[in-house]
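Visitor: Handing you this structure, nothing more for now.
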Amino acid sequence: LCLFLRYGTEKYPDSLKTLENWYNEKLSNTDISIWIVDNKLEEESGIVYEHNRRLIPGDNAHWEFSGWQKAINNYAEEIKEYDVVHFVTDAFNSLYTGYLDDFKEKQLEFVSVNPVCLGHIDHYADPIQVLKNESQCWIRTCFFFVSTATIFKMPNFVSVKEESSFLGEQGFKPDAPLSDNYKSYITDWLYGKQLQGVKWHSVIENILHFQKKALAILNELMLSITLKKQ
């Protein structure tokens, strides 16, 4: 099962087609259903079905993480019928994409029966701390695979719900439960500075956008930390 997360089709109009072409090339012997979780949709009546395709409304409160969690909550019994779930966002074909060549169909069988997460690992140059957790690496959440058994051991895909503990009107609060280097990494990245040879594919529009994106970055890291704990 692919849970393809998007917010409408304006920003990445060709993303779904690119993913389907990738499936045809890399997973040609795998039965695949694609559920489009659209965080721009608000009404449940927006569902359509066609050839293992489904369009369902998401929840944009915490971007992809809340959208995926809503799908898991609402369709738990159906999801349990699948062996592996592929979590993808419509931005998966942005920035570095060389890792897309490394996946192989036989890996999915291993994922289906083991407590692992398969995806591209990003890392910082030095360890960081968040909420008393130390980490240096995380799975890029725009494209990763886990078993359904693993999904239902997760307490929630949203780990950080309230930005008020971390962020204020000027950015990170001085007493936010983050190491100083992590605050710097996130701030530099979002305001367009090159980090370890790469720049972000988008541009921060205002402080509200910064707050939402920073919260998403925290949730991305915390998802990997939560998976490790499971």
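Visitor: Under the rule a/c < 1.5 gives rounded, and otherwise a/b versus b/c splits prolate from oblate, where does the range 116-198 land using the Cα gyration tensor?
Guide: On the way: a/c = 2.12, a/b = 1.39, b/c = 1.53.
Here the range 116-198 falls in the oblate category.
Visitor: How would the range 1-148 be classified by its alpha-carbon gyration tensor: rounded, prolate or oblate, with rounded meaning a/c under 1.5 and the a/b versus b/c comparison settling the rest? Numbers along the way, then the final one.
Guide: Working: a/c = 1.44, a/b = 1.22, b/c = 1.19.
In terms of gyration-tensor shape, rounded.
Visitor: Within 10 Å, at most 16 other Cβ atoms, and a DSSP state outside H, G, I, E, B define an exposed site. Report the longest part of the chain free of exposed GluC sites (Glu not before Pro). Intermediate values should be presented prior to the final figure.
Guide: Numbers: sites that count: E10, E42, E43, E50, E81, E162, E169, E205.
So the longest stretch without any such site is 82-161.
Visitor: I've got another one for you. Return the FRET efficiency for the residue pair D126, S33: r is the Cβ-Cβ distance, R0 is 41 Å, and the value is rounded to the nearest 0.05.
Guide: Details: r = 41 Å, r/R0 = 1.00.
Plugging the Cβ-Cβ distance into 1/(1 + (r/R0)^6) gives 0.50.
Visitor: Under the classification rounded if a/c is under 1.5, otherwise prolate if a/b is larger than b/c and oblate if not, where does the range 48-122 fall, given a ≥ b ≥ c as square roots of the Cα gyration tensor eigenvalues?
Guide: Values: a/c = 1.70, a/b = 1.24, b/c = 1.38.
Oblate, because a/c is 1.5 or more while a/b does not exceed b/c.
Visitor: Within the set of other residues whose C-beta is less than 13 Å from the C-beta of I72, count the net charge using Lys and Arg as +1 and Asp and Glu as -1. Write out the running numbers ahead of the final one.
Guide: Numbers: positive: K70, K80, K153; negative: D59, E64, E77, E78.
After counting each charged neighbour, the total is -1.
Visitor: Return the subset of K104/K199; K104/K153; K173/K193; K40/K212 for which the Cα-Cα distance in this structure is over 18 Å, preserving the input order.
Guide: Values: K104/K199 28 Å; K104/K153 25 Å; K173/K193 21 Å; K40/K212 16 Å.
Flagged as over cut-off: K104/K199; K104/K153; K173/K193.
Visitor: Could you calculate the contour length gain from K228 to N181, that is, 0.36 nm times the residue separation minus the distance between their Cα atoms, to one decimal place in nm?
Guide: Values: separation 47, 0.36 × 47 = 16.92 nm, distance 2.23 nm.
This chain segment gains 14.7 nm when fully extended.
Visitor: On to the next question. Using 0.36 nm times the number of residues separating V113 and K11, minus their current alpha carbon distance, what extension gain do you get? Walk me through the numbers before you get to the answer.
Guide: Details: separation 102, 0.36 × 102 = 36.72 nm, distance 3.58 nm.
Separation in residues times 0.36 nm, less the Cα-Cα distance, equals 33.1 nm.
Visitor: Give me the net charge for the shell around F110: Cβ to Cβ below 15 angstrom, other residues only, Lys and Arg +1, Asp and Glu -1. Don't skip to the end; give the middle numbers.
Guide: Numbers: positive: K104, K106; negative: D83, D102, E105, E109.
Local charge sum for F110: -2.
Visitor: Something else now. Treating the angle as unsigned and between 0 and 90°, give the value, to the nearest 10°, between the Cα long axis of helix 180-190 and the longest Cα principal axis of the chain.
Guide: Computed tilt is about 60 degrees.
Visitor: In a shell of Cβ-Cβ distance under 15 Å around N206, excluding N206 itself, what net charge do Lys and Arg (+1) and Asp and Glu (-1) give? Don't skip to the answer; put the middle values down first.
Guide: On the way: positive: K212, K213; negative: E163, E169, E205.
So the surrounding residues net to -1.
Visitor: Spin-label point model (7 Å from Cα, Cβ direction): what's the Y96 to S164 distance in nm?
Guide: With each label placed 7 Å out from Cα toward Cβ, I get 3.8 nm.
Visitor: Just the accessible area per residue of the chain, please: how many Å² with a 1.4 Å probe? Numbers along the way, then the final one.
Guide: On the way: 12080 Å² over 230 residues.
The answer is 53 Å² per residue.
Visitor: What order do I34, I217, I207 take when sorted by accessible area (1.4 Å probe), most exposed first?
Guide: Working: I34 0, I217 20, I207 60 Å².
Order by accessible area, largest first: I207, I217, I34.
Visitor: If each DSSP helix of 4+ residues adds -39,500 (n - 2.57) and the sum is divided by the residues in the chain, what number results at 222 nm, nearest 500 deg cm²/dmol?
Guide: Working: 7 runs with 75 residues, N = 230.
Only helices count here, giving -10000 deg cm²/dmol.
Visitor: How much of the accessible area of the range 22-149, in percent, comes from carbon and sulfur atoms when a 1.4 Å probe is used?
Guide: On the way: 3100 of 6680 Å².
With neighbouring chains kept in place, the figure for the range 22-149 is 46 percent.
The values are calculated or read from the model by the stated rules, or taken from the named source; none is laboratory data. Here the structure is a predicted model, which is why all the values come from computation and not from measurement. Ideal geometry is used to build each Cβ from the backbone, glycine not excepted, and the neighbour counts take in all protein chains shown. Areas reflect the complete protein model, heavy atoms only, side chains present, ligands, DNA and RNA absent. Shrake-Rupley method; radii C 1.70, N 1.55, O 1.52, S 1.80 Å.
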